[in-house]
Amino acid sequence: MTITKRTSATTAVVASFKEKAMSYRLRVGVLITACALFSQAYAQVACSSFDGQVVQPVRANVLWKRLASIPNVKGEYETTAAYEARVANALGDLAGQVIVDVPIDSKFMVYDADANRLDVQSYAFSNGTTKYSGVFGYGTPFDGKIKYGMSDNKDVVYPSEEVRLGSYIGVTALGAKMRVAKIRRTTKAIFEREAQWNEGLFANPKAVMSFDNITPATARQMKATAKGAIIYSPKAPYFAKGKFPWGEPTLEGPMDIDETIEVAIGAIQCALLLDGTGKVYAATATATVRTGRPRMIEAQQELLGLSGYAGRIAAAVRPNITFPEADGIQGNPAVELEALLAPDGTITSSRIAKSSGNDAWDTAALRGLQRTARLPRDVDGKVPSTLTLSLRPKR
């Protein structure tokens with residue numbers, strides 16, 4: 001029996017197109033955005049060279065321990081040369097490519113009995129998300145240095161590990177008692193960068209790898225014994241960790257969760273599907289070249305005729321934002337919101353593109369935009385297809 005394998009990288013057709021769109025960024029002034037979607041390119045040759053090889057991935061717990069020993073902040077009284085020497089010594093043989101194990105979720109290995117084909121979906125390698133604000137955001141050493149998305153990132157998130165530490169009796173503000181489970185949770189992730197909206201880890205998330213001429217018996221065996229691995233190249237600052245901001249226990253969710261996010265940082269290059277012995281069934285490349293984010297180009301709003309339009313958008317959104325805590329915030333941090341608009345101005349979807357570092361303000365601003373539902377047209381009776389708003393809690 002011949003098994004033919006295909007990966008998303010080898011079957012992808014690289015397309016190139018540009019879409020012109022206007023986007024406005026608001027507070028007092030206005031920035032106009034020229035938005036272009038650029039063609040994507042995928043690293044193919046390096047990953048496919050692993051096909052048929054036997055590899056021994058390093059265990060994630062072992063790798064994370066090594067990474068945590070690498071200095072990621074230069075001391076105040078330390079020279080750059082001394083700091084770099086300290087980093088190089090700790091990095092050791094981790095410089096270059098690292099193959100690390102990752103759990104495979106076999107329910108995302110889908111067999112088509114009519115076609116004798118087994119498709120491996122992207123969720124087989126990573127089916128989780130995490131929040132990086134406590135790792136890279138406000139109050140951390142990496143605030144403003146590492147860009148991350150609130151929901152869209154090029155990353156691999158491992159299933160969380162939990163330890164139940166016991167329970168205690170809690171009391172709500174209204175005096176109701178509840179038994180609260182105290183949980184210590186650890187979530188690991190490999191983080192490369194902020195992603196474009198809807199940009200996935202792979203070119204074709206529904207069929208990262210496809211195997212043809214597969215019998216039902218072979219498909220069952222592959223699903224039962226398959227292992228996964230990720231190839232990535234560590235890059236500075238190599239490792240960071242922080243806390244996930246869980247709220248207080250409630251009657252609906254009586255859990256006191258202390259979650260730590262442990263993040264390996266680097267360029268994610270390949271995903272490997274292995275058999276039980278470590279032999280590579282197939283290897284596929286991840287999307288290695290970032291698609292173009294809108295470029296913010298400062299312009300004089302009077303020349304563009306945007307002053308009145310900007311004011312009308314602000315007037316439409318601001319009344320829908322409820323945030324009485326504004327005066328208690330240190331500074332005046334800006335949150336960037338991104339929205340997709342229909343031709344009539346209806347907001348079809350929206351998200352937080354860049355956090356202000358204050359979760360409460362981020363949430364209030366996004367809810368205000370979502371409550372607005374529809375935005376006004378410009379002087380020509382048109383609306384941009386993509387809108388980026390930069391909003392601050394204090395006017």
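Quick rundown of the values:
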| read-out | value |
| --- | --- |
| Filter pass, R193 being assigned to a strand (DSSP E or B) and either of a type outside the set (S, T, N, Q) or crowded, with 19+ Cβ neighbours inside 10 Å (or both) | yes |
| Answer residue from region 221-279, given it is polar (S, T, N, Q) and part of a strand (DSSP E or B) and is nearest to L118 (Cα to Cα) among those | Q269 |
| Qualifying residues in region 356-382 (those that are hydroxyl-bearing (S, T, Y) and in a helix (DSSP H, G or I)) - the one farthest from the chain's Cα centre (by Cα) | T372 |
| Single residue of region 89-113 satisfying the filter (within 22 Å of the chain's Cα centre (by Cα) and under 30 Å from I214 (Cα atoms)) that is surrounded by the fewest Cβ atoms within 10 Å (Cβ to Cβ) | P103 |
| I352 being at pLDDT 90 or above, among the β-branched types (V, I, T), under 22 Å from the mean Cα position of the chain (by Cα) and closer than 18 Å to E194 by Cβ | no |
| Candidates A334, A315 - the one that is within 30 Å of G139 (Cα to Cα) and either at pLDDT below 80 or under 22 Å from the mean Cα position of the chain (by Cα) (or both) | A334 |
| Test: residue in region 130-144 that is modelled with pLDDT of 95 or more, outside the structural domain of P333 (by TED's automatic domain parsing), in a loop (DSSP other than H, G, I, E, B) and crowded, with 19+ Cβ neighbours inside 10 Å | no |
| Residue in region 65-88 that is surrounded by the fewest Cβ atoms within 10 Å (Cβ to Cβ), counting only those that are of a type in the set (A, V, I, L, M, F, W, C) and touching a residue at least 40 places away in the same chain (Cβ under 8 Å) | V73 |
| Residue check for T172: out of contact with any Phe, Trp or Tyr (no Cβ under 6 Å at 6 or more places or on another chain), at pLDDT below 95 and within 17 Å of I257 (Cα to Cα) | yes |
| Cβ pairs under 7 Å, 6+ apart, first in region 318-335 and closer than 19 Å to S133 by Cβ, second aliphatic (A, V, I, L, M) and not in a loop (DSSP other than H, G, I, E, B) | F323/A364; E325/A360; A334/L391; V335/I352; V335/A365; V335/L391 |
| Which listed residue is under 23 Å from T218 (Cβ atoms), in the same structural domain as T277 (by TED's automatic domain parsing) and in a helix (DSSP H, G or I), from Y83, Y123, Y111 | Y123 |
| Residue selected from region 145-160 under the condition at pLDDT 90 or above and touching an Asp or Glu at 6+ places or on another chain (Cβ under 7 Å), by the criterion surrounded by the fewest Cβ atoms within 10 Å (Cβ to Cβ) | K147 |
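The values are calculated or read from the model by the stated rules, or taken from the named source; none is laboratory data. Since this is a predicted model, take the numbers as computed values, not measurements. Cβ coordinates were reconstructed from backbone atoms using ideal geometry, including for glycine residues, and neighbour counts include every protein chain displayed.
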